[in-house]
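Only the coordinates and a few stated rules stand behind these numbers; no lab work does. Owing to the predicted nature of the structure, the values given are computational and were not obtained by experimental measurement. Cβ placement follows ideal geometry from the backbone for every residue including glycine, while neighbour counts extend to all protein chains displayed.
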Amino acid sequence: MSAEFISFIGIPLLIFVARVFDQTLGALRILFISKGNKLFAPLVSFFEALIWILVIAQVLQNLGNAFAYIAYALGFATGNYMGILVEEKLAMGINMIRVITRSNSQKIQRKLREAGYGFVNLIGEDIDGGENVLLIIVNRKEVSKVVALVREVHPHAFFSVEEVQSVSDIGYPLKVSGVRKKKNKVSHTPFVVGDVMGNMRKFFVRK
């Protein structure tokens, strides 16, 4: 294998592959930091920095090779794309799905119970009338399944998905790996904001 082939093909290819790994690790590092993982975040950071130094060293040694620059840029772009794919595959964390529907939510509630998902049902009002609000806490990997379940019952129901920073480990039936995790039993009795405010008003009136 000639030195010219190694210089113009082998080195840029090495730079490209290393840069892909570097950026993929960078995406994982950000993910672990956001989740507060004190073990994997520093470990991934170490290898990310090590690979980056090796890549930069190769680029500086081949300043006259335009393919090295192209390989560096392509590796950067591809690494970001791969990082997104890996992050979606891992799907770490817990999410809260908020479902708002004007029609009766009993069918959704029944489907959620049958599938083993915990939820809280709130009764609220908007400018046009009453609304049913369901709060569902699930592992991120389960979000697409819950959304599909909701759309199956109410195709036009409004929903939003939010990331949950932390949750207590007691009392809420999260669904983990297809098995419902039960601790203390949670009542699914609707929580009516108006009732609470009315009781508080009665309390202070008595005072």
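Pairs exceeding a 18 Å alpha-carbon distance, out of Lys107/Lys141; Lys107/Lys145; Lys35/Lys89: Lys107/Lys141. For the stretch 3-90, the alpha-carbon radius of gyration amounts to 1.18 times the rule-of-thumb value 2.2 N^0.38 Å expected for a compact globular protein. Across the stretch 97-145, the relative contact order, built from alpha-carbon pairs under 8 Å that are at least six residues apart, equals 46 percent. For the pair Val167 and Val147, what calculated FRET efficiency results from E = 1/(1 + (r/R0)^6), where r is the Cβ-Cβ distance and R0 = 30 Å, to the nearest 0.05? With R0 = 30 Å, the Cβ-Cβ based efficiency is 0.95.
Computed from label points 7 Å out along Cα-Cβ, the spacing between Leu50 and Glu131 is 5.2 nm. Evaluating 6.51 cos²θ - 1.76 cosθ + 1.60 at θ = phi - 60° for every residue in the stretch 129-134, the Karplus couplings come out as x, x, 9, 9, 10, 10 Hz, glycine and proline recorded as x.
Would you order Ile94, Ile53, Ile136 from fewest to most other beta-carbon atoms within 10 Å of each residue's own beta-carbon?
Values: Ile94 16, Ile53 11, Ile136 24.
The order, fewest Cβ neighbours first, is Ile53, Ile94, Ile136.
On full extension, the segment bounded by Phe158 and Ala115 gains 13.4 nm, given 0.36 nm per residue less the C-alpha separation. Mean sequence separation of contacting Cα pairs (under 8 Å, at least six apart), scaled by the length of the stretch 25-95, corresponds to a relative contact order of 40 percent.
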